[in-house]
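Enquirer: Sharing a structure with you now.
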Amino acid sequence: MESKAIRVIITGATGMVGEGVLHECLRHPDVERVLVINRKPGGVSHPKLTEVLHADFFDVSAIENQLAGYNACFFCLGVSSVGMKEADYHRLTYDLTQHVARTLVRLNPDMTFCYVSGAGTDSTEQGRLMWARVKGKTENALLQLPFRAAYMFRPGFLRASEGARNVKSYYTYLAWLYPIGRALYPAGFCTLEELGRAMIHTVTKGYDKRVLEVNDIVRLAAG
């Protein structure tokens with residue numbers, strides 16, 4: 001597949017994963033334009049970057065005219081399932097993602113859609129873990145939408161990007177584990193730089209799998 005200029009929409013850019021993916025996009029020469037949709041200002045300024053502030057992701061009608069003309073979406077928005085009832089988690093994970101994705105595919109049928117779920121996501125939707133079932137249902141539904149292509153990313157432990165501001169506090173204390181884990185169990189550890197580059201490469205090069213585990217992410221990032 002020939003390389004082409006990427007015009008990407010990123011959600012979740014004020015979180016750790018989205019911030020890392022955003023920074024990789026701003027650095028990458030194949031990315032010509034980035035639109036971030038944030039609930040609050042992200043505090044990043046760059047010639048490639050446009051920020052749209054919008055509080056309600058269940059109703060994006062007010063900003064639809066700003067969402068057309070893009071050929072990629074890197075969907076990094078998500079919530080923790082800790083302490084949540086399944087109905088609430090389903091609404092904020094499956095329902096919200098589907099609403100945004102259906103709007104984007106209607107406006108941009110040539111779009112490549114990349115969704116960040118997580119290692120352990122349950123594609124059968126029948127497993128014991130609530131979050132894994134809901135994430136699996138979300139992945140399966142996204143793969144049925146008529147995007148040019150859709151890829152589900154399942155990172156494990158992620159090393160934060162240097163200078164990142166939106167790092168979860170426990171990552172600060174566990175960062176020392178990363179080089180050990182990468183050496184002993186490479187299938188469970190990757191960097192946010194690798195995640196961002198792998199997403200970019202799905203647009204410019206494609207990939208032979210639609211669900212990407214850590215080994216796939218590392219391989220695609222290096223390609």
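The values are calculated or read from the model by the stated rules, or taken from the named source; none is laboratory data. This is a predicted model, so every value here is computed, not measured. Reconstructed Cβ throughout: ideal geometry from the backbone, glycine too, with neighbour counts over all protein chains shown. Heavy atoms of the whole protein, side chains included, go into the accessibility calculation; ligands, DNA and RNA do not. Shrake-Rupley method; radii C 1.70, N 1.55, O 1.52, S 1.80 Å.
Enquirer: Would you call D95 more than 22 Å from G206 (Cα to Cα) and either buried (at least 21 other Cβ atoms within 10 Å of the Cβ) or not β-branched (V, I, T) (or both)? Step through it out loud before you land on a result.
Expert: Values: more than 22 Å from G206 (Cα to Cα): yes; either buried (at least 21 other Cβ atoms within 10 Å of the Cβ) or not β-branched (V, I, T) (or both): yes.
Yes; evaluated as a whole, the condition is true for this residue.
Enquirer: Let me ask something additional. Mind listing whichever residues of region 1-52 are under 26 Å from L92 (Cβ atoms), in contact with a Lys or Arg (Cβ under 7 Å, 6 or more places away or on another chain) and open to solvent by 40 Å² or more (accessible area, probe 1.4 Å)?
Expert: Residue satisfying the conditions is T14 alone.
Enquirer: Hey, can you tell me all the residues within region 23-43 that are without any contact (Cβ under 8 Å) to a residue 24 or more places away in the chain and either touching a Pro at 6+ places or on another chain (Cβ under 6 Å) or closer than 20 Å to M111 by Cβ (or both)?
Expert: Within region 23-43, L26 is the sole residue that qualifies.
Enquirer: Kindly indicate the residue of region 79-102 that is out of contact with any helix residue (DSSP H, G or I) (no Cβ under 7 Å at 6 or more places or on another chain) and under 24 Å from L22 (Cβ atoms) and also modelled with the lowest pLDDT among those meeting that condition.
Expert: Step one: list which residues in region 79-102 are out of contact with any helix residue (DSSP H, G or I) (no Cβ under 7 Å at 6 or more places or on another chain), which gives 80, 82-85, 87-88, 91-92, 95-96, 99-100, 102.
Still in the running and under 24 Å from L22 (Cβ atoms): 80, 92, 96, 99-100, 102.
On the way: S80: 90, L92: 97, L96: 97, H99: 97, V100: 98, R102: 98.
Filtering first and then ranking leaves S80.
Enquirer: I would also like to ask the following. Of the residues G127, G120, G83, which single one is more than 21 Å from D59 (Cβ to Cβ), free of Cβ contacts under 8 Å to residues at least 12 places away in the same chain and in contact with a Lys or Arg (Cβ under 8 Å, 6 or more places away or on another chain)?
Expert: Working: G120 fails: free of Cβ contacts under 8 Å to residues at least 12 places away in the same chain; G83 fails: in contact with a Lys or Arg (Cβ under 8 Å, 6 or more places away or on another chain).
Just a single option satisfies the conditions, and that option is G127.
Enquirer: In region 134-149, which residues are open to solvent by 30 Å² or more (accessible area, probe 1.4 Å) and touching a His at 6+ places or on another chain (Cβ under 9 Å)? Show your work before the answer.
Expert: Kept after step one, since they are open to solvent by 30 Å² or more (accessible area, probe 1.4 Å), are these residues of region 134-149: 137, 140, 143-144, 146, 148.
Matches in region 134-149: K137 only.
Enquirer: Next question. Just give me the residues in region 45-82 being under 18 Å from the mean Cα position of the chain (by Cα), among the aliphatic types (A, V, I, L, M) and assigned to a loop (DSSP other than H, G, I, E, B), in sequence order.
Expert: Passing the criteria: L67, L77, V79.
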